[in-house]
Amino acid sequence: MTPEEKTNLENRVKEVIESIRPYLQEDGGDVQFVSMDENKVVYVELQGHCGSCPHAMATLKQGVEAAVREVVPEIQSVERI
């Protein structure tokens, strides 16, 4: 993946994350893009209530990852740091 392709992919992922942030913020949580590696794995930080919620992994996989992969299917997974 060229640097330009990586930047383009990261920007698309960030747009999706920005679009779902208001839903998490309604419940006192938040999510922030941290990085993406060469294997197209996205790393995010769950913040606020999402950082300590017992349902955080479900939110991450069924919410954040599902939304990202729907719009950017090239992404392999979304992981929490």
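The values are calculated or read from the model by the stated rules, or taken from the named source; none is laboratory data. Fair warning: this is a prediction, and the values are worked out from it, not measured in the lab. Here the Cβ is made from the backbone with ideal geometry for all residues, glycine too, and neighbour counts use every protein chain on show. Ligands, DNA and RNA are stripped out before the accessible areas are found, and what is left, the full protein with its side chains, is counted by its heavy atoms. Shrake-Rupley method; radii C 1.70, N 1.55, O 1.52, S 1.80 Å.
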- Note on the structure: When region 27-81 is checked residue by residue, the ones that are aliphatic (A, V, I, L, M), farther than 21 Å from Glu5 by Cβ and either touching a His at 6+ places or on another chain (Cβ under 6 Å) or not in a helix (DSSP H, G or I) (or both) are Val31, Leu46, Ile81
- Note on the structure: Exception for Met1 within (1) in contact with a strand residue (DSSP E or B) (Cβ under 7 Å, 6 or more places away or on another chain); (2) open to solvent by 30 Å² or more (accessible area, probe 1.4 Å); (3) at pLDDT below 95; (4) among the hydrophobic types (A, V, I, L, M, F, W, C) falls at (1)
- Here the residues within region 22-32 that are surrounded by 16 or more Cβ atoms within 10 Å (Cβ to Cβ) and either within 11 Å of Val64 (Cα to Cα) or in contact (Cβ under 8 Å) with a residue 60 or more places away in the chain (or both) are Leu24, Asp30, Val31
- Query: Since Val44 meets every condition but one in (1) aliphatic (A, V, I, L, M); (2) touching a helix residue (DSSP H, G or I) at 6+ places or on another chain (Cβ under 8 Å); (3) loosely packed, with under 12 Cβ neighbours inside 10 Å, which condition does it not meet?
  - Reply: (3)
